[in-house]
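J.: After the structure tokens below, expect a handful of questions from me.
Just so you know, all these numbers are worked out from the coordinates, no wet-lab data involved. Being a predicted model, the structure only gives us computed values, none of them experimental. Here the Cβ is made from the backbone with ideal geometry for all residues, glycine too, and neighbour counts use every protein chain on show.
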Amino acid sequence: MTIAKPYKRVLLKLSGEALMGEDAYGINRVTIDGMVAQVAQAQALGVELAIVIGGGNIFRGVAPGASGMDRATADYMGMMATVMNALALQDAMRSAGLTARVQSALKIEQVVEPYIRPKALRYLEEGKVVIFAAGTGNPFFTTDTAAALRGAEIGAEVVLKATKVDGVYSADPMKDPTATRYQSISFDEAIGRDLKVMDATAFALCRDQKLPIRVFSIFKQGALKRVLLGEDEGTLVHV
């Protein structure tokens, strides 16, 4: 039997909302530990793993709670929320025996390192997990865009978008029981069918850089490992 060769280097996008688990707010420890266990499986395969994390479990610049606020101010608050999540993820990895480094697009040097691309690449080559926080460091851009940008910068082979849904569907599977999951779909097909894979800026960047996106559910046990081994898990969006 031939064993599939895993990806060499990937960028994993985790939403802040995913850290909540079944809670209404904040970070669910059982949920974050489950994610770390999947990261440990990835490392056991020899995959170099970088992570971009969102902040929606704490604050999002476009959330109802930000109504009436200056958009740039609200977005900076959202970036700070991603730093908190990154630190929590790093600590959970430390507890699990993994070595992780947090790099932030905003300079908070007493707490985390600034984003320095050569240093991030060196960490990956050393087998450390690199967690990118604070999005792109600019307002008006989402953490999806940060994932596409960092993925391109580090030479990732694929952007893995971890969600609560196990792929891209023809319609919302929560509302339409006849919705079907796409095993794979091209960027152009996804645009033509108006499928909301990522925000438009992130999606365009991945398409232009010929950087495929794999959408899968992080809540399915062992899903990340199956994705890395090229099994039929989630949906692959490709050129």
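J.: 222 nm [θ] for the chain, helices only, -39500 (n - 2.57) per DSSP H run of 4+, per residue, to 500?
T.: -10500 deg cm²/dmol, from helical runs alone.
J.: Determine the distance separating the Cα centre of the range 195-234 from the Cα centre of the range 148-183; give it in Å without decimals.
T.: Rounded to whole Å, the Cα centres lie 5 Å apart.
J.: Also: Can you put 69, 79, 20 in order of Cβ neighbours within 10 angstrom, beginning with the fewest?
T.: 69, 20, 79
J.: Within the range 123-159, which residues have the backbone N less than 13 Å from the label spot 7 Å out from residue 96 along Cα→beta-carbon, could you tell me?
T.: 129-130
J.: Calculate one ³J(HN,Hα) per residue across the range 93-110 by plugging θ = phi - 60° into the Karplus curve 6.51 cos²θ - 1.76 cosθ + 1.60, and present them in order as whole Hz with x for glycine and proline.
T.: 5, 4, 5, 8, x, 9, 9, 10, 10, 9, 10, 10, 6, 9, 7, 9, 5, 6
J.: Just want to confirm a number: the relative contact order over the chain, from Cα pairs under 8 angstrom separated by 6+ residues, in percent.
T.: 22 percent
J.: Quick one: 3J(HN,Hα) in Hz for the range 227-239, Karplus 6.51/-1.76/1.60 with θ = phi - 60°, rounded, Gly and Pro as x.
T.: 3J(HN,Hα) across the range 227-239, in whole Hz: 4, 5, 8, x, 6, 6, 10, x, 10, 9, 9, 9, 5.
J.: Select from 202, 24, 148 the residue whose mean-square fluctuation is largest in a Gaussian network model of the chain (Cα-Cα springs shorter than 10 Å).
T.: Greatest mean-square fluctuation among the candidates belongs to 24.
J.: Work out the charge dipole of the range 1-143 with +1 on the Cβ of Lys and Arg and -1 on the Cβ of Asp and Glu about the Cα centre, then indicate which of 61, 89, 19 is farthest towards its positive end.
T.: 89
J.: Students often get this wrong, so check it: of 8/175; 128/161; 128/175, which have C-alpha atoms separated by over 32 Å?
T.: 8/175; 128/175
J.: Separate question: Give a quick list of GluC sites (Glu not before Pro) in the range 60-142 that DSSP marks as loop, anything other than H, G, I, E or B, with at most 16 other Cβ atoms within 10 Å.
T.: 109, 126
J.: Roughly speaking, what is the centre-to-centre gap between the range 88-139 and the range 35-78 when only Cα atoms are used, to the nearest Å?
T.: Cα centres, the range 88-139 to the range 35-78: 13 Å.
J.: Quick one: net charge around residue 153, please, counting Lys, Arg +1 and Asp, Glu -1 for every other residue with C-beta under 13 Å from its C-beta.
T.: Values: positive: 9, 117, 119, 150; negative: none.
Net charge in that neighbourhood comes out at +4.
J.: Oh, and also: Could you tell me what percent of the DSSP beta bridges with both partners in the range 9-238 are antiparallel, to the nearest 5?
T.: 10 percent
J.: What is the set of long-range amide H partners of residue 57 at a cut-off below 5 Å, with H atoms built 1.01 Å from backbone N?
T.: So residue 57 has HN proximity to 16, 17.
J.: Does the chain come out rounded, prolate or oblate by the C-alpha gyration tensor, with a ≥ b ≥ c the root eigenvalues, rounded set by a/c under 1.5 and, if not, prolate when a/b is larger than b/c and oblate if not?
T.: Rounded is the answer for the chain, as its axis ratio a/c remains below 1.5.
J.: While we're looking at this one, here's another question. Can you compute the modelled spin-label distance between residue 204 and residue 122, with each label point 7 Å from Cα toward Cβ, in nm?
T.: With each label placed 7 Å out from Cα toward Cβ, I get 3.6 nm.
J.: Taking a virtual spin label 7 Å from the Cα of residue 108 along the C-beta vector, which residues in the range 52-84 bring their backbone nitrogen under 12 Å of it?
T.: Residues 55, 59, 76-84 qualify, since their backbone N sits under 12 Å from the label point.
J.: Sticking with this one: Using DSSP to define loop residues, name the chymotrypsin sites (Phe, Trp or Tyr not before Pro) in the range 6-106 whose beta-carbon has at most 14 other beta-carbon atoms within 10 Å.
T.: 25
J.: Could you list which residues have their amide H under 5 Å from that of residue 171, counting only those 5 or more apart in sequence or on another chain, with H placed in the peptide plane?
T.: 180
J.: Amide H neighbours of residue 131 under 5 Å, counting only residues 5+ apart in sequence or on other chains, H built in-plane at 1.01 Å?
T.: Amide H neighbours of residue 131: 51, 101, 102, 103.
J.: OK, next. If I model a spin label as a point 7 Å beyond the Cα along the Cα-Cβ vector, how far apart are those points for residue 232 and residue 37 in nm?
T.: Calculated label separation equals 2.6 nm.
J.: Now a separate question. Most mobile of 222, 68, 34 per a Gaussian network model of the chain (Cα springs, under 10 Å)?
T.: 68
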